[in-house]
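The values are calculated or read from the model by the stated rules, or taken from the named source; none is laboratory data. This one's a predicted model, so the numbers in the text were calculated from it and none came from an experiment. Please note: Cβ atoms are built from the backbone with ideal geometry, for glycine as well, and neighbour counts cover all protein chains shown. Keep in mind that these areas ignore ligands, DNA and RNA; they rest on the heavy atoms of the full protein, side chains included. Shrake-Rupley method; radii C 1.70, N 1.55, O 1.52, S 1.80 Å.
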Amino acid sequence: MADPSSYRPKPGQIPDSPGVYKFRDEHRRVIYVGKAKNLRQRVANYFQDLAHLHPRTRTMVTTAASVEWTVVSTEVEALQLEYSWIKEFDPRFNVKYRDDKSYPYLAVTLNEEFPRVQVMRGAKKKGVRYFGPYGHAWAIRETVDLMLRVFPVRTCSAGVFKNAARTGRPCLLGYIGKCSAPCVGRVTPEEHRELAEDFCDFMAGRTGTYIRRLEKDMMQAAEEMEYERAARLRDDAGALKRAMEKSAVVLADATDADLIAVAEDELEAALQIFHVRGGRVRGQRGWVTDKVEAVDTSGLVEHALQQLYGEERGDAVPKEVLVPALPEDTAAVSQWLAERRGSQVSLRIPQRGDKKDLMATVQRNAQQALGLHKTKRASDLTTRSRALEEIAEALGLDTAPLRIECYDISHLQGDDVVASMVVFEDGLARKSEYRRFQIKGFEGQDDVRSMHEVIGRRFKRYLQEKERTGEWEEQPTGTPADGPAPTGPVPGPVPAADPAVGDAEPTAVAEDTEPREDDGRPKRFAYPPQLVVVDGGQPQVAAAKRALDELGIDDIAVCGLAKRLEEVWLPDDDDPVVLPRSSEGLYLLQRIRDEAHRFAITYQRAKRAKRIRTSPLDDVSGLGETRKQALIKHFGSVKKLRQATIDEICEVPGIGRRTAESVAAALASTTPAAPAVNTATGEIIEEDDGGSS
């Protein structure tokens with residue numbers, strides 16, 4: 001725990017202008033980002049008597065080891081920079097809303113020649129028009145099915161579209177009138193785009209125009225005694241009305257607005273957003289957050305606005321945003337929203353009428369979401385805490401292991417030997433920290449030696465990061481007689497990583513050995529775990545411990561989980577630790593071990609599949625995939641191609657003499673694989689595939 005006075009800036013150092021400040025911990029990670037109208041006043045508040053600080057603020061300032069700031073011109077710039085830094089650095093003490101699921105949107109891909117209507121999730125793409133989000137994907141599909149009668153826009157994938165264009169036959173929707181079939185030229189690209197734009201206009205709330213037009217055409221068809229056409233237009237108008245009925249009118253003045261409500265307690269907050277377009281609720285979503293910083297309702301609203309509109313432009317930011325409490329600096333937030341929309345945005349609290357009633361509905365949804373979340377999470381939090389406490393007690397650790405790393409070795413009869421590293425923090429998987437390794441220090445099958453190599457490489461990187469940042473200074477040989485004994489591990493110079501045993505993707509050796517700026521972003525291998533778990537028994541545990549000892553690391557616990565009896569092995573102990581079968585701690589260790597095994601075997605299978613798919617033709621310079629396939633198709637197999645002369649190879653279209661000579665040389669330099677034998681009949685199976693030799 002750091003003393004805030006040890007890094008407190010001098011009073012005259014902090015400017016009294018608007019800006020954004022960052023607190024960093026001892027590892028130079030950014031742990032908190034904030035903004036202020038007056039940096040001097042705001043930052044000074046963090047360095048008052050700890051007894052006067054909010055408990056969460058007190059935890060943050062005692063975790064931090066330094067503070068720095070950036071001056072900006074206006075409060076709007078400060079708001080934008082704060083959002084950018086929170087997104088970039090992901091600070092642990094900032095409020096971050098998280099979705100409990102990925103909400104689906106109705107999307108129209110206007111960036112394509114023939115726009116497509118489809119369900120989309122995840123990050124928004126440029127040139128795509130989005131409507132929603134919706135609670136369920138089936139709600140989108142029901143709406144689209146009704147609207148395709150009137151707006152027969154393409155809904156098929158690129159593969160289906162290209163196949164229909166190639167064969168000249170549309171798909172089923174084209175035959176039943178729910179697609180205008182641009183794939184076979186029934187409509188021009190311009191006519192199809194006009195249909196897609198009309199679809200978007202209807203979804204955006206401009207509904208009356210199309211229904212009145214259909215009803216007018218229906219009456220005209222009836223007068224002209226075209227009764228079949230009139231009946232079809234009647235059904236089309238009914239379909240549009242049914243699509244509209246799926247979202248009832250909630251605001252009579254056809255308002256475009258987002259309503260945000262917050263339900264909170266001392267520890268958590270739930271947020272609900274209703275998206276109203278054309279007076280109808282077009283989408284709904286909810287977020288939940290831990291209150292890891294001292295923040296009130298107005299602060300929660302400001303964070304929500306940043307997350308909700310930080311990546312949006314144009315009409316995605318509505319004319320009105322209704323909130324339960326105004327942000328501290330309402331003028332700056334309103335200006336920021338207006339800049340993103342391109343016109344004025346009204347940010348206010350509804351006081352009366354339909355909008356206040358609808359806000360009450362949104363508030364009830366937020367209260368229900370918070371109650372449901374707490375019901376689901378109560379047992380989950382309790383279980384995870386109990387599991388970590390049981391592990392700490394069983395292994396004799398001083399504190400619960402909040403970060404656990406687990407390693408597993410995978411291979412197939414000694415080939416394609418790989419290793420995995422998975423990370424669990426607070427009992428939950430942190431997949432962004434997963435790493436995988438290729439074993440290149442030796443050939444063959446030796447799980448113990450492989451484990452020693454992987455642990456050594458991982459923690460060698462950790463020591464390099466500490467040495468580079470100055471957290472671990474190289475000590476002179478020997479200690480003066482009257483000097484104090486070292487209290488921690490004192491390694492010698494940390495050797496550079498050997499490219500011959502470099503880590504597999506996603507970790508790049510060259511990138512990790514080059515000097516980099518301390519910018520607060522998460523570093524590979526930079527943070528140590530409290531516990532290392534290896535998949536295996538006593539030999540693997542001993543190998544892992546030996547690798548740590550060789551690097552001078554003695555403050556990281558090591559254990560192994562053997563599959564046979566699910567026994568927990570500790571270094572230098574002849575007998576395992578046996579946890580009860582009902583133990584939450586054992587269950588957590590099993591989950592971590594199984595995840596490491598899954599991650600390792602997935603990588604090993606991918607490497608094996610890639611190796612099997614290789615061909616001697618891959619080494620021929622300038623020979624692309626198309627000409628390789630042409631050679632195999634012409635001769636039937638690699639074996640027959642190997643037997644062909646240069647002149648015969650030149651007969652293949654697109655293959656010149658120089659390329660033919662290269663192909664012949666490449667095949668001559670490789671030894672054919674031994675023929676396969678049918679063990680039942682003794683028959684030699686001829687090589688007739690084109691994938692390998």
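Before moving on, here are some points about what is shown:
- Kirkwood Rh, Cα atoms: Rg over Rh of the range 36-116: 1.18
- The label-point distance for ARG364 and GLN643, in a model that sets each label 7 Å from Cα toward Cβ, rounds to 8.2 nm.
- When the Cα positions of ALA596, ALA547, LEU561 are compared along the charge dipole of the range 546-601, ALA596 comes out farthest toward the positive end, with charges on each C-beta of Lys, Arg, Asp and Glu.
- If the chain linking GLU625 and CYS650 were pulled fully straight, counting 0.36 nm for each residue of separation and taking away their Cα-Cα distance, it would gain 7.3 nm.
- Take the Cβ atoms of LYS96 and GLU191, set R0 to 56 Å, and the FRET efficiency comes out at 0.75.
- Once the 1.4 Å probe is applied to the protein heavy atoms, the range 31-125 comes out at 48 Å² accessible per residue.
- Ranked packing of 75-85, 303-313, 185-195, most packed first, by mean Cβ within 10 Å: 75-85, 303-313, 185-195
- Taking the Cα centre of the range 346-459 as origin and assigning +1 to Lys and Arg Cβ atoms and -1 to Asp and Glu Cβ atoms, the resulting dipole is close to 1200 debye.
- Model label sites at GLN41 and GLU661, defined 7 Å from Cα along the beta-carbon direction, differ in position by 8.3 nm.
- Under 18 Å of direct C-alpha separation, and excluding same-chain neighbours fewer than eight residues apart, LYS440 reaches these lysines: LYS460, LYS607, LYS610.
- At full extension, ARG546 and ALA137 could sit 141.9 nm farther apart than now, given 0.36 nm per residue minus the alpha carbon distance.
- Between SER84 and ALA204, the distance separating the two model label sites (each 7 Å from Cα on the Cα→Cβ line) works out to 3.0 nm.
- Simple point charges give the picture: +1 on the Cβ of Lys and Arg, -1 on the Cβ of Asp and Glu, and for the range 273-426 a dipole about the Cα centre of about 1500 debye.
- Judged by the mean number of other Cβ atoms found within 10 Å, the most tightly packed of the peptides 318-325, 340-347, 657-664 leads the ranking 318-325, 657-664, 340-347.
- HN-Hα J in Hz across the range 632-637 - Karplus 6.51, -1.76, 1.60, θ = phi - 60°, x for Gly and Pro: 5, 5, 5, 9, x, 6
- Calculated FRET value between GLU389 and VAL160, using beta carbons and R₀ = 45 Å, to 0.05: 0.25
- Peptide ranges 149-157, 544-552 listed from the most packed, as the mean C-beta count within 10 angstrom indicates: 149-157, 544-552
- Figure legend: label point modelled 7 angstrom from the Cα of LEU172 along Cα→Cβ; residues of the range 140-156 with amide N under 14 Å from it are 156.
- Förster radius 25 Å - calculated FRET efficiency between SER669 and GLN445 (Cβ-Cβ, nearest 0.05): 0.30
- Formal net charge of residues neighbouring ILE349 (Cβ-Cβ distance under 13 Å; K, R +1; D, E -1): +3
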